[in-house]
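To keep things clear, I will list the structure first and then write my remarks on it.
The values are calculated or read from the model by the stated rules, or taken from the named source; none is laboratory data. Nothing here was measured: the structure is a model prediction, and the numbers come from that model. All Cβ positions, even for glycine, are placed from backbone atoms using ideal geometry, and neighbour counts span all protein chains on display. Remember, those area values only see protein heavy atoms, side chains included, never the ligands or the DNA or RNA. Shrake-Rupley method; radii C 1.70, N 1.55, O 1.52, S 1.80 Å.
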Amino acid sequence: MALTSDVAVHSQVPGPVVQQRSLAYFTELNPADNSKFIEARVYRKWTTMRMPDLIPTWFSCILLDKKGTAMQANADLKEKERFERDLQINYYIGYIHNVEKVKEYGGATGNKVKLRNISIRNLNNNVVTFTLWNQKADNFEEDEYLKMTKPVVLAVSSCYLKTYAGQLQLSATSATSYYFNPPIEETAKLLAAHNESGATIPQLEIQTEKLSDWEQERTRNRVALGTLLQIDPNTQQRVLFTQQVMILRIDQTHEWYYQKCDECGGKLNYGFVHGHCHPYGTQPKPEKSYSFRLVMTDGTGNAVISCYSPQTDGLIKDVNTLLEEVADTSPEIIPPQILALENTRHVFQFRFAKPVAKGPPTFVLQKVMDHAPSILPPSTERPSSPLSASTYDESAAHLSPPPATPSATQETPTDMLAITHLRSSSSVRKELFTTSAEEESDPESKKQKTDYSFRLVMTDGTGNAVITCYSPQTDGLIKDVNTLLEEVADTSPEIIPPQILALENTRHVFQFRFAKPVAKGPPTFVLQKVMDHAPSILPPSTERPSSPLSASTYDESAAHLSPPPATPSATQETPTDMLAITHLRSSSSVRKELFTTSAEEESDPESKKQKTE
């Protein structure tokens, strides 16, 4: 009987356990993971150089995973040839979400930069901004894009990848290329995903450019709140919406104001200043800002909106003024002035707030658009007494005095010249007269060197601008500064006299130039000439002879000297084209003497008789 056994049972030897690898994304990786793999695309690759001698040090590339997360990978130069062959550049692809107009930045004295932003949405519904610069921004085929059937798929390559405010941004380079609806597999996937989501997610027609007309701007991107609450906030971070809403209630669980840094605008916790904003030795000036929340509705849905200063202008008074009125200045106690906003209607312009992990999207107030802004706000400062009419000396009529200031009536347009009163802010205070210590001690020097230096706010109906006026460029606009100083009672440079305040709401023709640019704020101008009236070619002379001139007499003994022909008397038979002698004795500049004699000739009659000319 043969013995049998199971050889397979005895031959089984335990081997090493092979660990299965799992797919991971860049955000899930850590240095200790060796059991995961990634799937990424090569977005850009280059050779890193050491500066300034430009010696190659690394082979580098930018990798993108399926979630759109970017990571830079470096390799030794020995592996450059292999990676150059195996790693091929891929495109960033998505369908066009929005195309903005070309914007131009920079002043007249600096370099001007043009850019165009294009929003691209990928399969994960994330929107990435693709920026074209200068010539590429102008050469974008916008007309071709407008003729295409929407949505349009766009693939771009060879761009810089940046992160701003937690959002990915693509910046074009000289090697950047882009393609509409490329014939690749990803294009079909994007179009299919768009068609599936089109039935659930509303598609918006967005106007990103600010409109000059107030009524059109007031209704730009007017979308119902119920529709906005269904949209992913990440796709509309750069868009402003408008809506007419009613305030349901004020959120009393949130602080209604806070102290903010005067540099970055961030909140100051417990009153401590930001050390990174203020170098050691500088004096910080913290400011107060509104920060209350309210619940608004338009009938289609309710949404929470946060309100900060100065965007609350037109909705409630200034925060500092309100703090002076309330008894309890605690940020947790909502004052009745803010609670009074409940059940009031307004037109708000707002944007999506930075999205949070949970909860519906919220919004941030950008502007209160209940009423159209006035071109020039009414002035609150008026002279204490009525202005008297300026009088001029008749003997100085040839000096072309400035035109009389018209009085303000109901027919006076609102877009006329006004003087800005900047005395409330020490940082923008300007002295009316600039004098030195030597000029004050010397009256003659002070009279010669005292100049105007006041500022005006002017408008032509399209915008307001600040212009600075100096002497003698103010001739024709106001009387001489020394004459004005003799008329006013208070000669302090900080007190604006009524004669200058009377320039408000008057029209003029100014010739001006740009002032030297400053770091912040809009450009300002400097007055060069007042061109209200044309200058006279020859002003009338003020010099007249004290007595009429007597007729010249001639000596009969000098008849042999061939005297000039006698002037014929004018009769009816005298032709009109005969020669006439012009009498220029009335002007001292053209007066001529008929005879020239010296002192010796006057004492010697014979000599005078012979040498008369």
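What Kirkwood radius, in Å to one decimal, follows from the Cα pairs of the range 313-363? Could the numbers behind the result be given before it?
Numbers: mean 1/r = 0.0728 Å⁻¹.
When all Cα pairs of the range 313-363 are included, the Kirkwood radius is 13.7 Å.
Please work out how much accessible surface R44 shows to a 1.4 Å probe, ignoring ligands, DNA and RNA, in Å² rounded to 10.
Counting only protein heavy atoms, the figure is 60 Å².
Nothing charged except the Cβ atoms of Lys and Arg (+1) and of Asp and Glu (-1): what's the magnitude of the dipole of the range 91-197 about its Cα centre? Round to the nearest 20 debye. Write out the running numbers ahead of the final one.
Numbers: 11 positive and 10 negative charges, 67 e Å.
Taking the Cα centre of the range 91-197 as origin, the dipole is about 320 debye.
On average, how much accessible surface per residue is there in the range 150-269, in Å², for a 1.4 Å probe, leaving out ligands, DNA and RNA?
Heavy-atom SASA per residue in the range 150-269 reads 53 Å².
How high is the relative contact order of the range 22-86, in percent, with contacts defined as C-alpha pairs under 8 Å that are six or more residues apart?
RCO, the range 22-86: 27 percent.
For the full complex of protein chains and a 1.4 angstrom probe, list F512, F363 by accessible area with the highest value first.
On the way: F512 95, F363 0 Å².
Final ranking, largest accessible area leading: F512, F363.
Considering only protein heavy atoms and a probe of 1.4 Å, how much of the accessible area of the range 444-500 is carbon and sulfur, as a whole percent? Could you put the intermediate results ahead of the total?
Working: 1360 of 2850 Å².
It is 48 percent, rounded to a whole number.
Determine the relative contact order of the range 91-197: mean sequence separation of Cα pairs under 8 Å and six or more apart, normalised by residue count, in whole percent. Numbers along the way, then the final one.
Working: 181 pairs, mean separation 28.2, N = 107.
Taking the mean separation of contacting Cα pairs over the length of the range 91-197, I get 26 percent.
Rounded to the nearest percent, how much of the accessible area of the range 21-162 (1.4 Å probe, protein heavy atoms only) is carbon and sulfur?
Details: 4240 of 8490 Å².
That fraction is 50 percent.
Can you give the FRET efficiency to the nearest 0.05 for L268 and N195, using r as the Cβ-Cβ distance and R₀ = 41 Å? Don't skip to the answer; put the middle values down first.
Values: r = 50 Å, r/R0 = 1.23.
According to the calculation, E is roughly 0.25.
Could you sort E100, E185, E84 by accessible area so the largest value comes first, with the probe set to 1.4 Å?
Values: E100 10, E185 120, E84 70 Å².
The ordering from most to least exposed comes out as E185, E84, E100.
Arrange the peptides 515-527, 59-71 so that the one whose residues have, on average, the most other Cβ atoms within 10 Å appears first.
Numbers: 515-527: 11.6, 59-71: 17.3.
Going by the mean number of other Cβ atoms within 10 Å, highest first, we get 59-71, 515-527.
Accessible area per residue, 1.4 Å probe, Å², for the range 22-86: what's the number? Provide the component values of the computation, followed by the final result.
On the way: 4400 Å² over 65 residues.
Each residue of the range 22-86 exposes 68 Å² on average to a 1.4 Å probe.
Give the shape of the range 25-155 as rounded, prolate or oblate, defined through the alpha-carbon gyration tensor: a ≥ b ≥ c are the square roots of its eigenvalues, a/c under 1.5 means rounded, and otherwise the shape is prolate if a/b is larger than b/c and oblate if not.
Oblate.
Radius of gyration and Dmax for the range 91-197's Cα atoms, expressed in Å?
Gyration radius and largest Cα-Cα distance of the range 91-197: 14.5, 52 Å.
Just subtract the alpha-carbon distance of A534 and N30 from 0.36 nm times their residue separation and send over the number in nm, one decimal. Walk me through the numbers on the way to the answer.
Numbers: separation 504, 0.36 × 504 = 181.44 nm, distance 8.03 nm.
Result for the pair: 173.4 nm of gain on full extension.
So between N464 and L161, what do we pick up on full extension, going 0.36 nm a residue minus the alpha carbon distance? Working shown, then result.
Working: separation 303, 0.36 × 303 = 109.08 nm, distance 3.99 nm.
Fully extending the segment from N464 to L161 adds 105.1 nm.
Full extension from H371 to Q244: what is 0.36 nm times the residue separation minus their Cα-Cα distance, to one decimal in nm? Working shown, then result.
Values: separation 127, 0.36 × 127 = 45.72 nm, distance 1.25 nm.
My answer for the length gained is 44.5 nm.
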